[in-house]
Amino acid sequence: MRILRSVKVMQKITTNLRKRGKSIGFVPTMGALHAGHFSLIRQSRKENNYTAVSIFLNPTQFGPNEDYRRYPRNLKADATLCKKTGVDFIFNPARNQIYPKGYKTEIKIDKLSDLLCGKFRPGHFAAVATVVNKLFNIVEPDTAYFGQKDAQQAIIIQRMVKDLYMRLKIKVMPTIREPDGLAMSSRNNYLSASERRDAVVLYNALETAKTMIRQGISNPSKIILTMRKIILKKKSARIQYINIVDLNELKTVEKIQEKVLIALAIWIGKTRLIDNAIITPARN
Ligand code: PAF
């Protein structure tokens, strides 16, 4: 496994691989790798000749009061695990490789970026789309792998790829969960023992919503109210949003008649956690 820090060198390697007809799978990450990332890496290994993982803690996608400074960083441990999982390349650029002096271009995916998490994290999705675009241009993968846990991010990236005729496939893989249902996230590291116990409430609320929808309840307000009650039973929990939206425009639905995305962001103490479920209603 090679660790590369230079854009030029990474580009040269993948250009050569492509000339030799090799396929490249790509898993973009910000490090602090967990089982969710490794499921993406394993999928990439199954489907491609080579797998590249980027580890770049992208400063521009964090708001001024967010957790950029305390976000877990552990390149050594990440690299050891990547090597064990059969990763071929880690791309770990310095900030000035990705944002050289004078850079000016930003990618903005209108509307989708201002809903759900975007409402509370202005500029976040433009920063994600921009860095992902840069990474795609550097690595030039055949397929890039994202987790369903960041559902809005995955939808926005898919939109960008489609709108800009980008020549790669996006694969969205299921959320990987702890045995009690908590979605794997690098931010779970922040939770105290009691907060960690409370954090399962995101999953429990989603499971209850799933059951209600499958029982034929189609009124989103009723479902959200039940979810709120479940979540607020935990002292450490504070709701940022719970929303039931369609999968294309991410618009709030009035009545659940087709597949919907239930997305939520919940503060557990000082840690903001997100989770979601895609649910198909029962046909009558
Ligand atoms: O999901 C993430 O870890 C980040 O948003 C990504 C896609 C690596 C861009 O920085």
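The values are calculated or read from the model by the stated rules, or taken from the named source; none is laboratory data. Bear in mind that the values here come from a model prediction, so they are computed numbers and not experimental data. Glycine also receives a Cβ, built like all others from the backbone with ideal geometry; neighbour counts cover every protein chain displayed.
Can you confirm whether the stretch 80-97 contains a residue that is within 15 Å of the ligand (Cβ to nearest atom), of a type outside the set (Gly, Ala, Ser), free of Cβ contacts under 8 Å to residues at least 60 places away in the same chain and assigned to a helix (DSSP H, G or I)?
yes
Please go through the stretch 99-127 and pick out each residue that is buried (at least 20 other Cβ atoms within 10 Å of the Cβ) and under 23 Å from Ser6 (Cβ atoms).
Residue satisfying the conditions is Ala127 alone.
Would you mind stating whether Ala205 is aliphatic (A, V, I, L, M) and within 11 Å of the ligand (Cβ to nearest atom)? Steps first, please.
Values: aliphatic (A, V, I, L, M): yes; within 11 Å of the ligand (Cβ to nearest atom): no.
Considered against the rule, which asks whether it is aliphatic (A, V, I, L, M) and within 11 Å of the ligand (Cβ to nearest atom), Ala205 comes out as no.
Counting just the residues of the stretch 30-58 that are without any contact (Cβ under 8 Å) to a residue 40 or more places away in the chain and in contact with a Lys or Arg (Cβ under 8 Å, 6 or more places away or on another chain), which one comes out nearest to the ligand (Cβ to nearest atom)?
Result: Leu57.
Just to be sure I understand the filter: pairs with C-beta atoms under 9 Å, separated by 6 or more residues or on different chains, first member in the stretch 1-29 and assigned to a loop (DSSP other than H, G, I, E, B), second member of a type in the set (Phe, Trp, Tyr) and modelled with pLDDT under 95. Which pairs pass?
none
Of the residues Ala193, Ala263, which is surrounded by fewer than 15 Cβ atoms within 10 Å (Cβ to Cβ), under 30 Å from Leu33 (Cα atoms) and among the hydrophobic types (A, V, I, L, M, F, W, C)? Quick ask: steps written out before the conclusion?
Working: Ala263 fails: surrounded by fewer than 15 Cβ atoms within 10 Å (Cβ to Cβ).
Of Ala193, Ala263, the one residue that is surrounded by fewer than 15 Cβ atoms within 10 Å (Cβ to Cβ), under 30 Å from Leu33 (Cα atoms) and among the hydrophobic types (A, V, I, L, M, F, W, C) is Ala193.
Give me a count of the residues in the stretch 43-67 that are assigned to a helix (DSSP H, G or I) and surrounded by fewer than 16 Cβ atoms within 10 Å (Cβ to Cβ).
Going through the stretch 43-67, the residues assigned to a helix (DSSP H, G or I) turn out to be 43-47, 59-61.
Next, from what is left, pick out any that are surrounded by fewer than 16 Cβ atoms within 10 Å (Cβ to Cβ): 46-47, 59.
Residues that pass the stated criteria total 3.
Restricting to the stretch 131-189, count the residues that are in a helix (DSSP H, G or I), within 15 Å of Ser54 (Cα to Cα) and within 11 Å of the ligand (Cβ to nearest atom). It would help to see each step written out before you state the result.
Our first condition is that a residue be in a helix (DSSP H, G or I); within the stretch 131-189, this holds for 131-139, 148-163, 186-189.
Subset that is within 15 Å of Ser54 (Cα to Cα): 131-139.
Checking which are within 11 Å of the ligand (Cβ to nearest atom) leaves us with 131-136.
Counting residues in the stretch 131-189 that are in a helix (DSSP H, G or I), within 15 Å of Ser54 (Cα to Cα) and within 11 Å of the ligand (Cβ to nearest atom) gives 6.
Is it the case, given these coordinates, that Thr143 is buried (at least 20 other Cβ atoms within 10 Å of the Cβ) and under 17 Å from the mean Cα position of the chain (by Cα)?
Working: buried (at least 20 other Cβ atoms within 10 Å of the Cβ): no; under 17 Å from the mean Cα position of the chain (by Cα): yes.
No.
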